[in-house]
Amino acid sequence: MPIEEAKLPETLITAIPRINIGIFCDNEATLQAMQQVAADRRMSRAHITVHTGGIIGAFQAHSGALSPNLLIVESHSPRDTILTELSQLAQVCDPATKVIVIGHVNDVILYRELMRQGVSEYFVAPINLLQMIQVISNLYNDPKAKPIGRVIAFVGAKGGVGSSTIAHNVGWLISRRYDTETVITDLDLAFGTAGLNFNQEGGMGIADALSSPERVDATLLDRLLTKCNDKLSLLASGGMVDRDFHIDSNAVGAVLDVVRHNVPLVIVDVPNIWAAWTKYTLVHADDVVITATPELAALRNAKNMFDVLKAARPNDSVPKVILNQVGIPKRPEIPAAEFAKALGVEPFAVIPYDPQVFGTACSNGEMIVEVAAKSRTAEIMNDLSQMLSGHESPKAPAKASIFAGKFSMLRKK
Ligand SMILES: Nc1ncnc2c1ncn2[C@@H]1O[C@H](COP(=O)(O)OP(=O)(O)O)[C@@H](O)[C@H]1O
Ligand SMILES: [Mg+2]
């Protein structure tokens, strides 16, 4: 049965962003209904899997694996069993995972209890398809809701230190290892290398977006992105030197805001210039990564940027500093310990000078892990992507971490 469009004016339903949704039904009718929900055009950006198994199925699937942005779970059980099963599920869920419950009892006490405990919505089966889509849409399109996307901004302490290469590798790795849809935004319109590094030339997405930021919305974003694979896209420009371009903070802010409302991970490759808009981008990112090489100019610049950003973001984690290209033969360099002393923090990672691996990756338009999976450099890139992903580790058993969301209250039971 096609979804009955007439029941709700379609304009009320804003399309669902590029999130992962896991659906665990416990009977055939709901399974079929949810498959229809998954096939709806407004869900087409999301990555949806529909399973059987109910709440326990979801628990089993996510013990030791990452939970999606949204879990929709069904149960035929009475109130107390649902609450017990959900409290088990809460133990293995990511703090940011939202939960919708489909039940078979019209029980107002259960409904209130679920709402109190942070479940996003309770449906009584059989579900109304458009209502379900509407509820999911509202969860993610509420202007007051926290954007789904985390922004990690990468900047070099000098040109050529490897900031872009690290940003691209980290974005690619997180998108794959954590199955997270990721957009790499390359703000270097003239000399950006994102297109080259991913063998994707031609897109002018970021230039178009920044020239009319007020037009950028989820639909235009679809057209501006250059898709590298199912989970990774670029918002970049292919080396634009024929147009003079003025970038201002408001335009960058507006564009990144649309991206972070639509995509769970946003990697921003910030060029090595100090301007109002680059500073704005760094100050407003969730995480900042400064890459430096072990030399005096890079140390001075890294320290200056570190101090300014730390002061401008008193309630955020301090910028992370990566020391790259360490150990160039015959070149005197500042030891990592001295870098750490000057900055007051240990380097987040130390990456050796590895011209063979970086050179091959660079000329092939491939990532480090693709050209030298077993190298020390690949291992460091994997570690970096794990630390920056915000996840414990890709396949490690889920720890009973503190839930940030309201769903956490279920854990206390
Ligand atoms: N650890 C390293 N060892 C060898 N070459 C590297 C290393 N890190 C980066 N490179 C190379 O340095 C060059 C500049 O890197 P890039 O990421 O464009 O720097 P940035 O964005 O800081 O200007 C690239 O050719 C890259 O492959
Ligand atoms: Mg660069």
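At 222 nm, what value in deg cm²/dmol follows for the chain if DSSP H runs of at least 4 each add -39500 (n - 2.57) and the sum is divided by all its residues, to the nearest 500?
Per the formula, -12000 deg cm²/dmol.
Of K146, K158, K231, how do they rank once you tally other Cβ atoms within 10 Å and put the fewest first?
K146, K158, K231
Antiparallel as a % of all DSSP beta bridges within the chain, to the nearest 5?
So the antiparallel bridges amount to about 5 percent of the total.
Mind checking the angle between helix 163-177 and the chain's longest principal axis? C-alpha axes, 0 to 90 degrees, to the nearest 10.
Tilt relative to the chain: about 20 degrees.
Going by how many other Cβ atoms sit within 10 Å of their own, how do M204, M34 line up, fewest first?
In order of increasing Cβ crowding within 10 Å: M204, M34.
On full extension of the chain, what length is gained from K341 through F245, given 0.36 nm per residue of separation minus the C-alpha to C-alpha distance?
Values: separation 96, 0.36 × 96 = 34.56 nm, distance 3.94 nm.
So the extension gain works out to 30.6 nm.
What length, rounded to one decimal in nm, is gained on full extension from R116 through to E379, with 0.36 nm per residue of separation minus their alpha-carbon distance?
90.3 nm
Which distance in nm do the two modelled labels at S87 and Q356 give, with both placed 7 Å along the Cα-to-Cβ direction?
5.7
What's the angle, to the nearest 10 degrees (0 to 90), between helix 129-141's Cα axis and the longest principal axis of the chain?
That works out to roughly 30 degrees.
Along Cα→Cβ, 7 Å out, is where each label goes; now give me the distance between the ones at S63 and N141 in nm to one decimal.
In this crude spin-label approximation the distance works out to 3.8 nm.
Using a ≥ b ≥ c from the Cα gyration tensor of segment 143-224 (square roots of the eigenvalues), is it rounded, prolate or oblate, where a/c under 1.5 gives rounded and otherwise the larger of a/b and b/c decides, a/b for prolate?
Working: a/c = 1.62, a/b = 1.20, b/c = 1.34.
Cα axes put segment 143-224 in the oblate bin.
How would E121, E338 line up from fewest to most surrounding beta-carbon atoms within 10 angstrom?
So the residues, fewest neighbours to most, are E338, E121.
In nm, give the distance between the simple-model label positions of R300 and Q32, each being 7 Å from the Cα along the Cα-to-Cβ direction.
7.3
Of K279/K320; K144/K320; K279/K303; K330/K374, which pairs sit farther than 21 Å apart, going by alpha carbon to alpha carbon?
Over 21 Å Cα-Cα: K144/K320; K330/K374.
Values quoted throughout were computed directly from the atomic coordinates according to the rules given, and no laboratory measurement underlies them. Predicted model, so just to flag it, every value in this text is computed and none were measured. Don't worry about glycine lacking a Cβ; one is built from the backbone with ideal geometry, like all the others, and counts go over all protein chains shown.
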